[in-house]
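Have a look at the structure below before the remarks.
Values in this text are rule-based calculations from the coordinates and carry no lab data. Since the structure is predicted, the reported quantities are computational estimates derived from the model, not experimental observations. Quick reminder, even Gly has a Cβ in these numbers, built from the backbone with ideal geometry, and neighbours come from all protein chains shown.
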2 protein chains.
Amino acid sequence: MKQASGTPAWLPFLPMDIPAGNSSAQLARSELAAGLAALASSQRVELEVKGADEGYDILLREGTLHIRGGEPGVLYGTYTLLQALARGEPAPLGNYRPRYPLRMLNHWDNMDGSVERGYAGGSLFFNNNRLAYDQARIHRYARMLASVGINAICLNNVNVRPPMDGLILPPQLDDLAGLANLLRPYGIRLLVCVDFAMPARHEPGTADPLSPQVQAWWALRAKQVYARIPDLAGFVVKADSEHRPGPHTYGRSHAQGANMLARALKPHGGLLFWRCFVYNCRQDWRDRQTDRPKAAYEHYAPLDGQFDDNVVLQIKSGPVDFQVREPVSPLLHALPQTKKALELQLAQEYTGQQIDLFYQAAQWQDIFRQLPPGGADYIAAVSNLGDDESWCGHDLALANLYAFGRTAWRGESLPGRYAMEWAALSFPEAAGEITKLLLASPHVYEKYAAPLGLGFMVNPQTHYGPSPEGYEYALWGTYHRANHEAIGIDRGPEGTNFTAQYPLHLRQRFERLTTCPDRLLLFFHRLRYDQRLADGRSLLQRIYDDHFEGAQEAEALQAAWLELAGRVPPEVHARVARRFEMQVQNAREWRDVINTYFYRKSGIPDEQGRLIHP
Amino acid sequence: MKQASGTPAWLPFLPMDIPAGNSSAQLARSELAAGLAALASSQRVELEVKGADEGYDILLREGTLHIRGGEPGVLYGTYTLLQALARGEPAPLGNYRPRYPLRMLNHWDNMDGSVERGYAGGSLFFNNNRLAYDQARIHRYARMLASVGINAICLNNVNVRPPMDGLILPPQLDDLAGLANLLRPYGIRLLVCVDFAMPARHEPGTADPLSPQVQAWWALRAKQVYARIPDLAGFVVKADSEHRPGPHTYGRSHAQGANMLARALKPHGGLLFWRCFVYNCRQDWRDRQTDRPKAAYEHYAPLDGQFDDNVVLQIKSGPVDFQVREPVSPLLHALPQTKKALELQLAQEYTGQQIDLFYQAAQWQDIFRQLPPGGADYIAAVSNLGDDESWCGHDLALANLYAFGRTAWRGESLPGRYAMEWAALSFPEAAGEITKLLLASPHVYEKYAAPLGLGFMVNPQTHYGPSPEGYEYALWGTYHRANHEAIGIDRGPEGTNFTAQYPLHLRQRFERLTTCPDRLLLFFHRLRYDQRLADGRSLLQRIYDDHFEGAQEAEALQAAWLELAGRVPPEVHARVARRFEMQVQNAREWRDVINTYFYRKSGIPDEQGRLIHP
């Protein structure tokens, strides 16, 4: 670990060290006392604890505030109150109930201490192939999560290979139970990623879900795990995906595979989260029939109704892979009889890797607007945390974790509100300016890295920085097929017919050039460079403009940050300034490479005569 | 290691186990006896050993053949005779003298057992950060080298980092001396790559070549090394290159750096090989002034006359980096007062990675024809060997090692002759056909992977398979700048003026479109796709044609190989057949990706209407 402990993040008024508490109520009391003292508040507050609900009410009775709820409800209420007081707001009276019963953070941590797609240092949990963590830091981590109502974490990478599969076996199971005990007062339950193929390496000698030996083996595993961690929320599985084994290996369906595991968990009240990130990752670029966004729907929609009631299909928000801009995954509309979790990615794999600033709540808002009525049943997000001293690599990237917690609790994304809340807590002397930076950031990044829904123009493997044809002849099914006069894939009825996977209203919106939002234009359509957009500009001119503007606006973000010297802690200011320096470089590189790429391809100059390198 | 021992390669008539011999003469006698017996020859042969010359004569006196020479000359003569007899040729009477006094193989082996740019398994020498080799196999390796007159090996990677720098210190120096003893009877001398920065990590605390402490430190190192290995041929150094430290770190010239090391070796008769692979590997692709092929000349030509007489500048054959086709490095013409070694690369980094067949002697012949009178003083080649059971990954790639030995001895490359010699020894029942395959192979590969001198359209990092813009926006200075109507870099007087580095006759040949060979056209010129070539075809049509033909000819190579079933050992036939299968796939990928790339870019269809994926 880089240092022994992280900062108190957006709770700077709370002490670094957290008083011991064996229950949420005890913890709430001590946090409340410490918080009120630190905030120099004379407000009288009483806790009324009853039951185990997550919900809580904040009431005012004769000058005394009452936080009434179960465990951990009263803890959540305590943090809500303290945060409001810290922002100088009136007492946040009201009744609070979470929209999703499970609000999960997925860590992609490996047991060697690395983090897959991690941009904030090493793992918070693992080192040297075992659980090994800084207790004080994990307390602060858990407090941070609880303060926004995140109530579950899955602590290991979805790509489970030995020795990581041993997490659910003794002796490591003891370590896992220890971590569960630590997290329990914060209202946080554990999940574990398991390897579907694991029984093939043990007595059963197979992982066939229809084998009674395999079923018994998993039942025994679950029993052992729940004996040590009675409130484990469940297992997470990535199967038959990107070279991971799965039920298809045995000619079984994903319903058969998922149900088998779910039945092992059922007696203990556990859920089985089954990830739907399944597609052909050995596609031939010459193949114009296969269209990667269609894959998840094609795999899972026909299985609707076949899953047990404790199976949850975990579905990425978009149909491809966490690009800067994607439409909602049609699979989220296609499983009325199946439990579903919406999966977001806080880790900024394709959105600047916590070097470039990218506040994600607007992206989520766009997704939520396209969700079916009722939306998903659960919500999850891939963590952006690591053992970096500032938690996320980029101090401002913590805003995404905060906003995720708030979004998950409320079941809606309110970008401006969450940004302002977070900034007012974290940097009270520059809250307005930082809120503006956050809100502007995704539009700036989108302009220089992925305007019009163009995805995967990134460097292969790293996924940072531009490579216009980096994925064009690869096996991953992510092509734009740009030529000298046009770019994009026609995904409508004349093309791959991906749009047919959507309900009618979305289908029509995406298929018609007049109603398809600009930001998704090249996701759904193949267009000529001279195609006129609604504002009269040609498609190519829009691409040039966005890149020139994006790079310029990145510089403006940097300048705005530099203005804040003296209004945020100096070490934070310096750290973030270094990030902005890198972002400005990156934005310039995107601008020049992409503009040159299209200029070389089309021969069409910029109408404004700005410099495009020939 | 994959198995305990390699095959006897092109000496299949010799026994696997080599009788012990403490001197070249003893070894010659036992190899001669074993060879004559195996070949059932009744020829009487006498060895006349005198001195330590490498040269030898083969004479016939009254029915007895005499091999007369020094040590190792008589051993070379023995192998020459045995190989001629094995091919059924008359006794090769004559006087034999090597053209280059040092004929070196450079292994890029790392001490962890990996091989940089190795395509034949792991290291023959290292494992687990120490020298660890199969003695019997190294004997066979040494015999193979001696049989074609290779007389020096540098056994470790030019990129020397700790712990590899410890090779020249006790206790590893003892292991190194043991290896030198093993190789000595074969006439093979060791060299070691050293790290210029090494003294900075020891008492001197600096590596400044003008520091007396540094000079004394290296003098002591050399003394220690030569005390254990009195015939060490010298050190090899890569400095100030691709992030390696060097004299520039201390504001010193490469002459100052090289001379300092050379003076440490001088009292012991050692040579200092100083690699000239120095260029800006952080180039901005927007920068059109810097031109990577100019770098080595610019660095070293001004230093001519400043190097000590035991400094040898080791210069890659071409000015870029072992591409399929390059002109000769102008630096080889620019150092009349400096000792020079010509460096070739047997490891097929850019020429098919020992998956695709690529016989290199024609490429060398092209280079030799462009060398100045007198050529180089020494010759070296990066090894294509590893612990693979067939030595090179591809059984037929051994032909390159054989041809290098013959080329290095004779000072000229005779592709047809060496191929036929090797094939007749290795596969006597299919020698003619295999010779044809070998001779055709580089032209086939060049057609589908790099026609017209186009380089670096390869996948970044791996360097295998096509990526038309893989290096186009990278830091390595390797750009083709293709747009919708033209491709290539003008390196003549109107362009980067790289051609000015050549002597007049080469300069004029390359600068004029009418005299520049087609195979170097796009190396020296930027041309429109509709530019007519000598045969009337347009440049683009020639690119299409070469790719279609190349892929077809790769299939023809495969078919020709499959015809040879029963005429080569079955396990070899099967192994090579698998390689050809991969090559055919690779050639198709090259054909389709490159043709599609240019078709998308230009919009110009193939005149013959063959399939180009849109």
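Suppose each label sits 7 Å from its Cα in the direction of the beta carbon; what would the A:E203-B:D530 distance come out to in nanometres?
Result for the modelled spin labels: 7.8 nm.
Where the centroid of each part is defined by its Cα atoms, how far is the range B:539-567 from the range B:304-350 in Å?
One Cα centre to the other: 32 Å.
Hey, can you grab everything whose amide H is under 5 Å from the amide H of B:Y378? Only 5+ residues off in sequence or another chain; H modelled, so Pro and N-termini drop out.
Long-range HN contacts for B:Y378: B:K340, B:A341, B:L342.
In sequence order, what are the phi-derived ³J(HN,Hα) couplings for the range B:69-81 according to the Karplus relation 6.51 cos²θ - 1.76 cosθ + 1.60 with θ = phi - 60°, rounded to whole Hz, with x for glycine and proline?
Taking θ as phi minus 60°, the curve returns x, x, 9, x, x, 5, 5, 4, x, 4, 5, 4, 5 Hz for the range B:69-81.
Calculated FRET efficiency, B:R228 and B:D53, Cβ-Cβ r, R0 30 Å, to nearest 0.05?
0.75
For B:Q461 and B:Q26, what is the calculated FRET efficiency with R₀ set at 56 Å and r taken between the beta-carbons, to the nearest 0.05?
0.75
What 222 nm value per residue comes from the helices of chain A, counting each DSSP H run with n ≥ 4 as -39,500 (n - 2.57) and dividing by all residues, nearest 500 deg cm²/dmol?
-11000 deg cm²/dmol
Between A:D175 and A:R130, what length in nm is gained on full extension when 0.36 nm per residue of separation is reduced by their alpha carbon distance?
On the way: separation 45, 0.36 × 45 = 16.20 nm, distance 0.86 nm.
That works out to 15.3 nm of additional length.
Counting only residues 5 or more places away or on other chains, whose amide H sits under 5 Å from the amide H of B:G234 once H atoms are built in the peptide plane?
B:V192, B:L271
Based on the Kirkwood radius over alpha-carbon pairs, what value in µm²/s does the Stokes-Einstein equation return for the translational diffusion coefficient of the protein assembly as shown at 37 °C and 0.692 mPa s?
96
Only bridges with both residues in chain B count here: give the DSSP antiparallel percent, nearest 5.
Bridges in chain B that DSSP calls antiparallel: roughly 30 percent.
State, to one decimal in nm, how far the label point of B:Q256 lies from the label point of A:R282, with both points 7 Å from Cα in the Cβ direction.
5.8
Using a Förster radius of 22 Å, what is the FRET efficiency between B:A560 and B:R417 based on their Cβ-Cβ separation? Nearest 0.05, please.
Values: r = 21 Å, r/R0 = 0.94.
Efficiency, rounded to the nearest 0.05: 0.60.
So how strong a dipole does the protein assembly as shown carry about its Cα centre when Lys and Arg Cβ are +1 and Asp and Glu Cβ are -1, to the nearest 20 debye?
On the way: 126 positive and 134 negative charges, 15 e Å.
The dipole of the protein assembly as shown has a size of about 80 debye.
Rounded to the nearest 5, what % of DSSP beta bridges with both residues in the range B:103-413 are antiparallel? Before the final figure, lay out the partial values.
Numbers: 3 of 34 bridges.
Roughly 10 percent of the beta bridges in the range B:103-413 run antiparallel, per DSSP.
From other protein chains only, count the Cβ atoms within 10 Å of every residue's Cβ in B:481-490, then give the mean.
Details: counts 4, 2, 9, 9, 3, 1, 1, 0, 0, 0.
Averaged over the peptide's residues, the number is 3.
In sequence order, what are the phi-derived ³J(HN,Hα) couplings for the range B:249-262 according to the Karplus relation 6.51 cos²θ - 1.76 cosθ + 1.60 with θ = phi - 60°, rounded to whole Hz, with x for glycine and proline?
3, 10, x, 9, 7, 5, 5, 4, x, 5, 4, 4, 5, 4
If you average the sequence gap of Cα pairs under 8 Å that are 6 or more apart and divide by the length of chain B, what percent do you get for the contact order?
RCO, chain B: 12 percent.
Could you give each residue of the range B:166-172 its phi-based ³J(HN,Hα) in whole Hz, using Karplus coefficients 6.51, -1.76, 1.60 with θ = phi - 60°, and x for Gly or Pro?
These are the phi-based 3J(HN,Hα) values: x, 4, 8, 10, x, x, 5 Hz.
Place a point 7 Å from Cα of B:L220 in the direction of its Cβ. Which residues in the range B:174-213 have their backbone N less than 18 Å from it?
It comes to B:174, B:195-213, nothing else.
What are the label-to-label distances in nm, one decimal and shortest first, from A:G603 to the same spot in the other copies, with labels 7 Å along Cα to Cβ?
Label-point separations across copies, in nm and ascending: 0.7.
Shortest first and in nm with one decimal, please list how far the A:E46 label point sits from its counterparts in the other copies (point 7 Å along Cα→Cβ).
Label-point separations across copies, in nm and ascending: 12.3.
Points 7 angstrom from Cα along the Cβ direction at A:D112 and B:M16: gap in nanometres?
In this crude spin-label approximation the distance works out to 3.6 nm.
To one decimal in nm, how far is B:R567 from the same spot in the other copies, if labels go 7 Å from Cα toward Cβ? Please give the shortest first.
With the label placed 7 Å along Cα→Cβ, B:R567 yields 8.4 nm.
Antiparallel as a % of all DSSP beta bridges within the range A:24-96, to the nearest 5?
Details: 9 of 15 bridges.
Approximately 60 percent, going by the DSSP bridge assignments.
Under 15 Å from a point 7 Å along the Cα-to-Cβ line of B:H443: which residues of the range B:483-524 have their amide N that close?
Counting backbone N atoms under 15 Å from the label point, the list is B:518-519.
By counting other Cβ atoms within 10 Å of each Cβ, how are B:K50, A:K436, A:K601, A:K340 ranked from fewest to most?
Least crowded to most crowded, the residues run B:K50, A:K436, A:K601, A:K340.
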